[in-house]
Amino acid sequence: MEVRVVGLGDRAILVTVTGGVGMREGEELRTAMAAAAGSPVDRIVADLTDAHVSDSGGLSALYDAAIVLRPRGGVVAVVAPATATVRRVVQASGLDAAFALYDTRDAALDDLGLHRHGPGSGPLRLA
């Protein structure tokens, strides 16, 4: 599994996950999502388009981040195509109640007003 974190301006972070995500691999995702949620952003877009999920345990990091952002008016948007197994796992586990699901990254970015993110965008190093 690979996790890439990119800043989208001052208020958002894009977390892109590729490869297999299970309980064991979920720790890397948990670390990235916790760092993103602990930063001053109020929007996290988690792109799981190229992720392969075997169980919901590895995805609990998405829920945890949503719980942290919600009190400050923030949101976690999850990109998972309707035909992808990852989307079925998210929906079957009930985790989708905590965040918005989108079929494409562009749809999520547009809906959250992030497509034109401007200066300050680029790779981030989160503690």
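Read the figures in this text as sums done on the coordinates, not as results from a lab. All values reported here derive from a predicted model rather than from experimental measurement. All Cβ positions, glycine included, derive from the backbone under ideal geometry; neighbour counts span all protein chains shown.
Here are the numbers for this structure:
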item	result
Ordering of 9-20, 41-52 by packing [mean C-beta count within 10 Å, highest first]	41-52, 9-20
Inter-part distance where segment 33-47 and segment 63-104 are each reduced to a Cα centre, Å	13 Å
Whole-Hz ³J(HN,Hα) from phi, Karplus 6.51 cos²θ - 1.76 cosθ + 1.60, for segment 4-20, glycine and proline x	10, 10, 10, x, 10, x, 7, 10, 8, 9, 9, 10, 9, 10, 10, x, x
Calculated diffusion of the chain, Stokes-Einstein form, Kirkwood radius summed over Cα pairs, 4 °C and 1.567 mPa s, µm²/s	92 µm²/s
Folded to 0 to 90 degrees: helix 26-38 orientation relative to the chain principal axis, Cα	30 degrees
J(HN,Hα) series, segment 64-75, from Karplus relation 6.51 cos²θ - 1.76 cosθ + 1.60, nearest Hz, glycine and proline x	4, 5, 4, 5, 5, 6, 3, x, 9, x, x, 8
